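Derivation of every value follows stated rules applied to the coordinates shown; laboratory data play no part. As the structure is a computational prediction, the values presented were derived from the model and not from experiment. Neighbour counts are summed over all protein chains in view; Cβ atoms, including those assigned to glycine, are modelled from backbone coordinates with ideal geometry.
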Amino acid sequence: MTSESTFIDIQNLVFLRGERRIFDGLSLQIPRGKVTAIMGPSGTGKTTLLKLIGGQLRPESGRITVDGICVHKLRRSALYDLRKRMGMLFQSGALFSDISTYENVAFPLRVHTKLPEDMIRDIVLMKLEAVGLRGARDLMPSELSGGMTRRVALARSIALDPELIMYDEPFTGQDPIAKGVLVEMISKLNRSMGLTSVLVSHDVPESLSICDYACIVSNGQVIGAGTPEELQDNPSERVQQFLQGKPDGPVPFHYPAEPIAEDLAGGAQR
Amino acid sequence: MIDRLATIGRGTFDILASLGRSSEFLVRSLIAVPRPATGLPLLVKQIYAVGVLSLAIIVVSGLFIGMVLGLQGYNILTDYGSEQAIGQMVALTLVRELGPVVTALLFAGRAGSALTAEIGLMKATEQLSSMEMMGVDPLRRVIAPRFWAGFITMPLLAMIFSVVGIWGGMLVGVDWLGVFEGSYWANMQSSVDFGEDVLNGVIKSIVFGFVCTWIAVYQGYDSVPTSEGISSATTKTVVYSSLAVLGLDFILTAVMFGDI
Ligand SMILES: Nc1ncnc2c1ncn2[C@@H]1O[C@H](COP(=O)(O)OP(=O)(O)OP(=O)(O)O)[C@@H](O)[C@H]1O
Ligand SMILES: [Mg+2]
């Protein structure tokens, strides 16, 4: 991969939460204009990785560059400018609870553009239409279901037509129909607007069906990367275990802990 | 022994660190004034939430405190045969002390706790993070309007409190206990000095408004984003604000009226 086509470049990333090394020398390239899926067991730090890319967390060492700009060396104002070019769908949706669905989607347009009101209205309605929630525009976020919340949040994160969009678990809590629509939408957005998409998901079949590249993160490192076909053929036991969802294998299902027999034997110490 | 020293050291360090963080926070939110076009509606909304919605409690408390002052004042002053001075006593007590102080305490309980809980919940539900990711500084958008709203409304609330209290004192003193109305007002006019009393009272309430709102928004912004974290931040807001108000009141009173 040449640096020309790399949009996000992560080199030797080390990040700690307290004593725990979430990332330990992780390196990853995300190509421009493609859909890259990041998969991995729950709790490996996928959300953390997205926050690092967005500059909300600072790495211990290593570097993260987005479009050639080193994210964690930026000054605050430059960082905010860079973020205007990114959209991020939060795992929890994170809609503003004091304004309606419509206003939530209109929010980034109102702060960052000087568009007239009728134009904002057109854009908001189009984005809501794309996620199938045009009829829900007057509802408050507290009146939306979990899946609807996420779709509104998606509409909001694409409102400004960003160059990079990061989806944190877009499929969780979606029914099969909505899932299908979202899969379609993500790849359509990518093809028609040429944006770079980073898709974090546990849903292996959905992710592999739309992504151009995929990588699997486990234990702070990338354990497998490549096109979906390459990944399917990857001989690594760990990659295969994850793709096929087998409970036994080298990828731990458990959060790091002492062996259960020892733990149970030492009952009194909690 | 070493353990205890270490605990004290760590405690001191934590306090210093949190003071440092809150000062940095203060400076950043003070300079982060939004553009008037977007900022003004936000400010108005917050003045409504912080000020207008606190009006009821302020008016009712002011009325009762004024009435109690009237009663107690009358009892004490009749012993000296000088119940005409009741207007002066009620007004001075309210304008100099009770107006700013009680308003600030009520404000911390009513508006401060609400500010902390609201901001804490916005943090816990990642609304602040998502705002940052949209390239909008939450300090500018969320914190600054709330800060200024508290800062602006506190002196106004304190004045309303004093006015209602003086009226309550009159209800009791004049209408109930029969003090001559002319002397209630005349004594008040001749003894309450604008610069000395009213202005100092306003300065007090400005200081309290500043401190209470700063504590409230900082506690919300710095809260641990969980339910326990938010509840403890809310408690801290009320406790710290009340202590700060009472302590500062003593200092300010000493400087303003203590002839030192
Ligand atoms: N604020 C925090 N403080 C301390 N540790 C944290 C914090 N947030 C996350 N962690 C830890 O970091 C690790 C990675 O968290 P992260 O949310 O990135 O996981 P994830 O891969 O997104 O998981 P999931 O797929 O379940 O969303 C977790 O093990 C968690 O214990
Ligand atoms: Mg996650």
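Quick notes on this one:
- Estimated dipole of segment B:1-69 in Debye, rounded to 20 [Cβ of Lys and Arg +1, of Asp and Glu -1, Cα centre]: 180
- Using a cutoff of 8 angstrom between alpha carbon atoms and counting only pairs six or more residues apart, the relative contact order for chain A works out to 24 percent.
- In nm, spacing of pseudo-spin labels at A:Ser145 and B:Glu24 (7 Å Cα→C-beta vector): 4.4
- Estimated distance in nm for a label pair at B:Ile203 and B:Leu16, the labels positioned 7 Å out from Cα along Cα-to-Cβ: 3.2
- Shape category assigned to chain B from the gyration tensor of Cα positions, a/c cut at 1.5: prolate
- Residues A:Cys215, A:Cys70 in ascending order of nearby Cβ atoms (within 10 Å, fewest first): A:Cys70, A:Cys215.
- R0 of 51 Å, Cβ-Cβ distance A:Ala78-A:Ala265: FRET efficiency to nearest 0.05: 0.40
- One Cα centroid belongs to segment B:131-175, the other to segment A:81-110; the line between them spans 30 Å.
- Per residue, the average separation of C-alpha pairs within less than 8 Å and at least 6 apart gives segment A:1-149 a relative contact order of 19 percent.
- CD proxy at 222 nm, helix term only [per DSSP H run n ≥ 4: -39500 (n - 2.57); per residue of chain B; nearest 500]: -25500 deg cm²/dmol
- For segment B:39-52, Karplus couplings with θ = phi - 60° (6.51, -1.76, 1.60), whole Hz, Gly/Pro x: x, 4, x, 4, 5, 4, 4, 6, 4, 4, 5, 7, x, 4
- Shown for A:Ser97, A:Ser197: other C-beta atoms within 10 Å of each C-beta, ranked fewest to most, produce the order A:Ser97, A:Ser197.
- Efficiency of FRET from Cβ geometry, A:Arg32 and B:Glu97, R₀ 60 Å, rounded to 0.05: 0.35
- Of the residues A:Ser92, A:Ser42, A:Ser145, the one that moves most in a GNM of chain A with alpha-carbon contacts below 10 Å is A:Ser145.
- The mean number of Cβ atoms from other chains found within 10 Å of a Cβ in peptide A:79-87 is 3, as a whole number.
- Interchain or long-range residues, amide H under 5 Å from A:Phe7's placed H: A:Ile30, A:Arg32
- A cut-off of 5 Å between modelled amide H atoms, ignoring neighbours fewer than 5 places along the same chain, links B:Val179 with B:Val174.
- Modelled spin labels at A:Ser42 and A:Gln11, positioned 7 Å past Cα toward Cβ, are 3.6 nm from each other.
- In summary, the aspartates and glutamates within cross-link reach of B:Lys45, defined as a Cα separation below 18 angstrom excluding same-chain residues under 8 places away, comprise A:Asp98, A:Glu103, B:Glu118.
- A simple count of charges around A:Gly33, restricted to other residues whose Cβ falls under 10 Å of its Cβ and scoring Lys, Arg +1 and Asp, Glu -1, yields +1.
- By the rule of a C-alpha distance below 17 Å, with chain neighbours fewer than 8 residues away ignored, the aspartates and glutamates paired with A:Lys188 are A:Glu129, A:Asp161, A:Glu163, A:Glu206, A:Asp212.
- Neighbour-count order for A:Ile223, A:Ile177, fewest beta carbons within 10 angstrom listed first: A:Ile177, A:Ile223
- For a straight C-alpha distance cut-off of 13 angstrom, the aspartates and glutamates reachable from B:Lys204 (same-chain residues fewer than eight places away being disregarded) are B:Glu97, B:Glu196, B:Asp249.
- Debye-sum result for the protein assembly as shown in log10 I(q)/I(0), which assumes one identical scatterer on each alpha carbon, at q = 0.09, 0.12 Å⁻¹: -0.79, -1.13
- Relative contact order for segment B:35-255, counting Cα pairs under 8 Å that sit 6 or more residues apart, in percent: 36
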